[in-house]
Amino acid sequence: MHNRLGLSKEMILHAVIVFIAFALLVALSCLFMAATIRENMVRDASSILAIAEVDVVSDREDHRHVFDVYAASLENMIVQGLSRQSVETYIENLPLGVRREEASSNIENLYGYLRLSDGPLFISTSGDGADQSRDPNTIEWYKKARASEGAMIETKPVLDESGEMHYTLARCLRGGEDGYLGVICVDIAINGSDQQIINMASRRDSYGMLISEDFVIMAHEKMDFIGKKFSDPDIPISTYAEELRTAHEITERPFINFKGEHSVAFAKQISNGWYLGLSMTEEGYYASVNSMVLTLIVAGLAFAITTIILVLRLDYAREKASTESEHKAVFLANMSHEIRTPLNAILGITEVLVQDETLRDDTVRSLTKIYSSSTLLLGIVNDILDFSKIEADKLNINAAPYQIAGLVNDSIALNIMRTNSKPIEFVLEIDENLPANLIGDEIRIKQILNNLLSNAFKYTDRGTVTLRIGFAGSPTAAFALRLEVQDTGQGMTKIQTEKLFEEFTRFQISRNRTVEGTGLGMPITHRLVQLMRGDIYLESEPDKGSLFIVTLPQAVIGDEVVGQRIAQELMSMKACHSCRAQTLKMEREPMPYGKVLVVDDVETNVFVAEGLMKLYGIRVDTAMSGYEALSQIRDGNNVYDVVFMDHMMPGM
């Protein structure tokens, strides 16, 4: 049956089905594109905020470092008894950026009060002169710095009379017989980098903002907002102020910006306690979706081709991103390895130099600080190397026989020094029925244990850190090594515990600004536990401490157990370790009867090895290649007790 247009019911039905199918495809395609664009927007925002955070934090650390240099220089000049004219000449020759009228950096002014050998001196580089008759005890910055006992203090950002945001760094100079030398301060202008923050977005219709820890706007595209509270009703995004204050982060929150545009807001707290915000207009991102709808309706038949092209482009983009991620992981692994080689050389040379009994105490202290800083940097590099290996799926678990007593002994010896003179009692509890010999990756188990103990000591100011070692299951079935680390430290909230194993995560930045770390230790620990098919459990409560429980499946060798005697020795040895002085100087047993050969193609490594062994009185020969080493051994004139050789020698 046909209608007046000559169309049968079947044709009409087919037409309706095609129309519905086409309409459904259009709708689904639009939804798919909208979701994809939304994901891109969120990813772009995260990347922009991450890059901006690096810039802001590094600028702040640069300013603190420069200020430290000025403070140290003035301390040395005063201790050495240099004259007032010498100090004033030093101030006059400071970089141009420190003098306000010629400011070319964020450091605008250096000022303070110094106690010189020929009388007190007020200093200022602002060009406004300094009244030498003032009583310093009537000046606010002087009183705050004196109260800091030599520690660097940082004021909250404020809006000055010129409409610029700035904060002040101040420090009490220490040294000499009475310990007090004076006070110096610098003003740090925030507006020097605000344009960089405002323009950090990748689109012209987006802008950034910088907010202080007290929620005062320090940088914004609209100048009238600078100095106002983030919660001020005049600020369009103020409705999310409380959420940001509580959660320290907001993601994809809709609002209407000061230009009247529908926008999406992102904000997060960065490591120095400040907040970075980002506003992106919806229209700029979703205009492409509207164009797609119009194209599909008008072009119709081109829909399939257009969809295929888009899918291919998306696949290409994903593949490219995956390849770039893999290249990044490989690059990090290679660079971390390359960095470790010179770092180890620095550590070794420093350890050799510090043994010289003729060195002055200040030189020994300086070498000790170099050693400590290099050790910290080496730990960070090792974390990056491990994390990059995990990300590249190149970290292997190597199971081998080991003794549980040795594992516990090494872990205690390494971590007992982390108390850093804090009033902390370290308690060890070990199950005497624990099998003595196990099969597993001892190195990675030590790494897990060291990460847990390191965090416990870092975030515990007083009280107790307890290590319990036991087992679950039985030696014949489903045996698992059980490690428990409990502390009475800061603890964490439920929200924080849920984020603990995320990469680069650190909590309570303002409270823990002096605690070193990358935020990679716990994510690495979590990944290692997963690779060993184990479990990690966490209980924590703010200001009451944390409990970590790790269970790792292991194979058991034989029937021997740790026993009461070894357990007691391990639990008592911690007291002996805690009495050791934390120093690089050690008493070494001379071994003049020993003769060794050191073989390495890197001259620095040979120098370090030779220097460390000669401290024992050992006779040391060296070789720079495998061929040279074989020649020295084969000629019959040399008999060596030990040959130390690099595991990768070129040419052989």
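Values as computed for the structure displayed
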| quantity | calculated |
| --- | --- |
| Filter pass, residue 598 being at pLDDT below 90 and either open to solvent by less than 50 Å² (accessible area, probe 1.4 Å) or more than 30 Å from residue 435 (Cβ to Cβ) (or both) | no |
| Leading residue by the ranking (farthest from residue 352 (Cα to Cα)) among those in the stretch 601-610 that are open to solvent by 20 Å² or more (accessible area, probe 1.4 Å) and either in contact (Cβ under 8 Å) with a residue 40 or more places away in the chain or among the hydrophobic types (A, V, I, L, M, F, W, C) (or both) | 601 |
| Hits in the stretch 251-267 (condition: touching a residue at least 60 places away in the same chain (Cβ under 8 Å) and either within 12 Å of residue 236 (Cα to Cα) or surrounded by fewer than 16 Cβ atoms within 10 Å (Cβ to Cβ) (or both)) | 251, 252, 264 |
| Qualifying strands (runs of 3 or more DSSP E) (wholly inside the stretch 74-182; at least 3 residues being modelled with pLDDT under 85, closer than 17 Å to residue 64 by Cβ and within 31 Å of the chain's Cα centre (by Cα)) | 107-116 |
| Sole exception among (1) assigned to a helix (DSSP H, G or I); (2) within 40 Å of the chain's Cα centre (by Cα); (3) of a type in the set (A, V, I, L, M, F, W, C) for residue 633, by number | (2) |
| Test: residue in the stretch 455-467 that is touching a helix residue (DSSP H, G or I) at 6+ places or on another chain (Cβ under 9 Å) and of a type in the set (Lys, Arg) | yes |
| Some residue of the stretch 236-249 being open to solvent by less than 50 Å² (accessible area, probe 1.4 Å), modelled with pLDDT of 85 or more and in a strand (DSSP E or B) | no |
| Residue ID - surrounded by the fewest Cβ atoms within 10 Å (Cβ to Cβ), chosen from residues in the stretch 521-569 that are assigned to a helix (DSSP H, G or I) and of a type in the set (S, T, N, Q) | 564 |
| Residue list for the stretch 445-485, filter: within 16 Å of residue 408 (Cβ to Cβ) and open to solvent by 50 Å² or more (accessible area, probe 1.4 Å) | 468, 471, 482 |
| Pairs with Cβ under 7 Å, 6+ apart, first in the stretch 208-231 and without any contact (Cβ under 8 Å) to a residue 60 or more places away in the chain, second assigned to a loop (DSSP other than H, G, I, E, B) and among the basic types (Lys, Arg) | 214/156; 217/228 |
| Restricting the stretch 576-595 to residues that are exposed (fewer than 11 other Cβ atoms within 10 Å of the Cβ) and farther than 26 Å from residue 365 by Cβ, the residue that is modelled with the lowest pLDDT | 589 |
| Candidates 465, 485, filtered to the one that is part of a strand (DSSP E or B) and closer than 20 Å to residue 520 by Cβ | 485 |
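The values are calculated or read from the model by the stated rules, or taken from the named source; none is laboratory data. It should be emphasised that the depicted structure is a prediction, and the values quoted were computed from it without experimental measurement. Note: ideal-geometry Cβ built from the backbone for every residue, glycine included; neighbour counts use all protein chains shown. Note: accessible area is taken over every heavy atom of the protein model, side chains too, but ligands, DNA and RNA are not part of it. Shrake-Rupley method; radii C 1.70, N 1.55, O 1.52, S 1.80 Å.
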